[in-house]
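Bear in mind that the values in this text are calculations on the coordinates, not laboratory data. Computed from a prediction, not measured in an experiment: that's the story for all the values here. Methodologically, a virtual Cβ is constructed for each residue, glycine included, from the backbone with ideal geometry; neighbour enumeration extends over all protein chains shown.
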Amino acid sequence: MADNKLPSTFFNMVLILTLISAVATVALAYTYQVTKEPRALVEIKKTEAALKAILPEFDNNPTDEKFTLPDYPQLEFYPAKKGGQGIGWAIKTVSIGFSGEVWIMVGFDVNKHILNTQVLSQTETPGLGTKMTQDKFQAQFRGQNPAEFKLMVKKDGGSVDALTAATISSRAFCEALNKAAKALEQGGAK
Amino acid sequence: MNLAKELYRGIVKENPTFVLLIGMCPPLGVTNTVINGMGMGLATTAVLIGSNMVLALIKNIIPDKVRLPAFLVVIASFVTMIDLSMGAYVPDLHAQLGVFIPLIVVNCIILARAEAYASKNGVMASAVDGLVIGLGFTIALMIIGVVRELLGSGSIFNIPLLAEDATTILIFILPAGAFIAMGFLIAAINKLLKRFQ
């Protein structure tokens, strides 16, 4: 190594590591600040796009009226209204898939039938579990009444056609919808 | 310094993935599609250029005994900055690459370049080194991505080439397929290089 380096005395080592860490801290804090707003915006946009996609036309702002139930702290309810009349709910729900959390937004009409579903975020195996985001899989849930349509894959005695080679991901999808339907039954209808 | 020569060095002669065989986790983990491979490669390139430049700049004030912790603080800071920026500006790709972005910190290509190159060379030379090695890495990830996406999903750049219900070779999307694809690619590339030289 070159001779013009600082010698490795105790004082030098402490000083330099402290200096480098301090500069790194400032750089990170700055980046965090700058990207904070766009990152929050990405989340909001995602939620709003999902709401529009899965609910009938509404004229309130469901994001402002969102609420949670004490029994289901992870689930977020977004009531949709038109002319002050409730026309349905969107529920943000979650379950554990093959490799992490799967967040799904599901819409229910006033009769508590499933209107539509949308995957907000997932980390499933690309090409297998990720097919849950496709219409081909999600179409089977539309218009179903969770009281009759058993939200389980056929392998487990339910009514859902699982994705090929991605049973665990399909189970996670059903589980998330099931949670939402149960929560809605319990308290969303107020 | 001859840029063309440097590019040849980074992409062919010292290609980190196919020739040096270092930093093998991302080539196996995120190359199931070409886009994922490219995103990972470019993110790594950005970290490489940044960390190489900063480390070349401060190499003389780092006492030898604490150089590894010092390197790692710099590298980890760059990775976190890239991670935050990708979350803000390319959220879809960021969601796809998931945990692999923070793991760039422990990619040994970056520490290897810091130790072997940036701590002995000037700022500009180190930036060029980061660029060419990063490009070599990116191209390697994309080549593996092409093979795996084509065989496993029947598409390229997410553009389907087969009918939707066509049978594809599923194993190529899974990690085992990455090993198979990479083994054959390394063999082919070494054969080509030998003939070429």
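Computed over chain A, relative contact order equals 15 percent, with contacts defined as Cα pairs under 8 Å that lie 6+ residues apart.
The mean sequence distance of close C-alpha pairs (under 8 Å, at least 6 residues apart), as a share of the length of chain B, puts its relative contact order at 36 percent. Cross-link pairs exceeding 32 Å in C-alpha to C-alpha distance, out of A:Lys46/B:Lys59; A:Lys66/A:Lys131; A:Lys81/A:Lys136; A:Lys82/A:Lys150; A:Lys5/A:Lys36; A:Lys81/A:Lys155, comprise A:Lys46/B:Lys59; A:Lys5/A:Lys36; A:Lys81/A:Lys155. Net length available on complete extension from A:Tyr30 to A:Asp161 is 42.3 nm, with 0.36 nm assigned per residue and the Cα-Cα distance removed. With the cut-off at under 18 Å, measuring from each backbone N in region B:10-45 to a point 7 Å along the Cα-to-Cβ line of B:Val90 picks out B:26-45. A convex hull fitted around the alpha carbon atoms of the protein assembly as shown yields 172 Å³ per residue.
Computed log10 I(q)/I(0) for region B:3-142 at 0.09, 0.16, 0.19 Å⁻¹: -0.24, -0.77, -1.06, from the Debye equation with unit scatterers placed on every C-alpha and solvent omitted. Per-residue mean of foreign Cβ neighbours for A:15-21 is 5 (Cβ atoms of other chains, 10 Å radius). Computed from Cα positions, the angle between helix B:123-153 and the longest principal axis of chain B comes to roughly 10 degrees. Remark: mean inter-chain Cβ contacts per residue of A:36-45 equal 3, using a 10 Å Cβ-Cβ cutoff to other protein chain atoms. For the peptides B:145-154, A:54-63, the ranking by mean Cβ contacts within 10 Å, running from highest to lowest, is B:145-154, A:54-63. Just to confirm the number: angle between the C-alpha axis of helix B:175-196 and the first principal axis of chain B, 0 to 90 degrees, nearest 10? Taking Cα atoms only, the helix is inclined about 70 degrees. The calculated 222 nm mean residue ellipticity attributable to helices in chain B amounts to -21000 deg cm²/dmol, summing -39500 (n - 2.57) over DSSP H runs of n ≥ 4 and dividing by all residues.
Counting Cβ atoms of other protein chains within 10 Å of each residue's Cβ and taking the mean over peptide B:77-88 gives 5. Taking Cα atoms only, the orientation of helix A:167-183 departs from the longest principal axis of chain A by about 70 degrees. Determine the sum of side-chain charges near B:Val132: Lys and Arg each +1, Asp and Glu each -1, restricted to other residues whose C-beta is under 11 angstrom from that of B:Val132. My count for the surroundings of B:Val132 gives +1.
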